[in-house]
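Report on the structure given below.
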Amino acid sequence: MVRFRLIFSVILLFLPAYLCGCGSPERINWRLKQGDIYSVKVHLISDLSMIFGGVDHKDSEMQLNCHVKEANRQQILVEATIASVKASMSSLGKKFSFDSNQAPDAKPDQAPDAKPKKRSKSEQQQTFTNAFVGLKGKKFTVRMDSRQSTTELVKMDPLIKKAAYAGAGGSMIGGDQVNMLLAEGNLREYVTSGLMVGPDAATADPNATWEGRGSVLVPYAPVTATVKSYAVESIKEQQDKKVAVIKYDITREQTSTVSAKPHKPTKPSKPSKSRRPRRRVSKSTFNVDSVKGQGNLTFSLDNGRPIKLTEKTRVFVSSRTRSRRPAPVKPDSKKTRAKPNIFYTIQKTIEYMDN
């Protein structure tokens, strides 16, 4: 009897520790193994609204084939290959399209003349084609720290690298669109969905909340840092799988805009000896005033994979004209015109599929 009591006391002593060890919380994190293969379908839409919508509409689709090259306690390396690209745009009545599966040929753009002439529609279509042609089959590699929420691009084909760090520059016919599709922040999100990996990932609990960092890029505006505030909305069964439904809000980070590429300081120009008045040179740009968006992410807890991400963001911008000489101000002008409400609506859909 005494022996039985002793054994029972020992069981009671170690039972809480045993239960805690076995009942570790389930986490919303990638479970990637070396050799894993999966595909990602991306659909990105950008729509500029000024007085009315549809002023500048851009639609891009891309499929990535991803291969986990390395997965250990230190890092996870995922190599992504662009399997296909489709793109279209409509701007001020002009429409252009591209499909990598039709294998169009790249041709040199029209050489600039002393007096540039208006290009034909076929020449403009060729410019749009040249912006995307050659991307099919190109690769880039994303590195994920297995304990932190950090991801980085460590290997990129030169053609992808050029677009990833170009910012919103490039030709207004295709150039800015490919830069937005392949922006450095977007490439990382396509492969990882922006989620942490390892033990630092969020728990699969309806009360779980956390923050992440991202960026947004729209044509003719600088790369802007964003904050994503996540919350697990529910844990449920979906198509015989246990999934977590995650909602998140997107706002602009309080810090300044992100530089797409470091710039070398420019040397001060020498004063001109000519006394003739210079012509006014103006350059219109967009400054990002605010960012407001919402997203929804469905994550499979059974497979340790995201299933689908949908996101809609409005990026409010203001137009600024830089001039070498300021325009003269009329002394009698007291009324100021209200600035037009200009914003981009960015819709992003990312679907993840096991091969």
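Please indicate, with yes or no, whether at least one residue in segment 219-237 is in a strand (DSSP E or B), closer than 15 Å to residue 291 by Cα and open to solvent by 40 Å² or more (accessible area, probe 1.4 Å).
Looking for residues that are in a strand (DSSP E or B), closer than 15 Å to residue 291 by Cα and open to solvent by 40 Å² or more (accessible area, probe 1.4 Å), one finds at least one in segment 219-237, hence yes.
Which ones in segment 157-213 are at positive phi and in contact with a helix residue (DSSP H, G or I) (Cβ under 9 Å, 6 or more places away or on another chain)? Outline the logic, then answer.
Kept after step one, since they are at positive phi, are these residues of segment 157-213: 167, 170, 174, 193-194, 198.
Hits for segment 157-213 are 167, 170, 174, 194.
Can you confirm whether residue 247 is in contact with a Lys or Arg (Cβ under 8 Å, 6 or more places away or on another chain) and more than 30 Å from residue 159 (Cα to Cα)?
Working: in contact with a Lys or Arg (Cβ under 8 Å, 6 or more places away or on another chain): no; more than 30 Å from residue 159 (Cα to Cα): yes.
Criteria not met by residue 247.
Which members of segment 184-216 meet the condition of being aromatic (Phe, Trp, Tyr) and in a helix (DSSP H, G or I)?
To start, the set of residues in segment 184-216 that are aromatic (Phe, Trp, Tyr) comprises 190, 210.
190, the sole residue that qualifies.
Hey, among the residues in segment 170-208 that are over 19 Å from the mean Cα position of the chain (by Cα) and of a type outside the set (A, V, I, L, M, F, W, C), which one's least open to solvent (accessible area, probe 1.4 Å)?
This residue is 198.
The values are calculated or read from the model by the stated rules, or taken from the named source; none is laboratory data. Model, not experiment: these values are computed from the prediction. Here the Cβ is made from the backbone with ideal geometry for all residues, glycine too, and neighbour counts use every protein chain on show. With ligands, DNA and RNA removed, areas are computed over all heavy atoms of the protein, side chains included. Shrake-Rupley method; radii C 1.70, N 1.55, O 1.52, S 1.80 Å.
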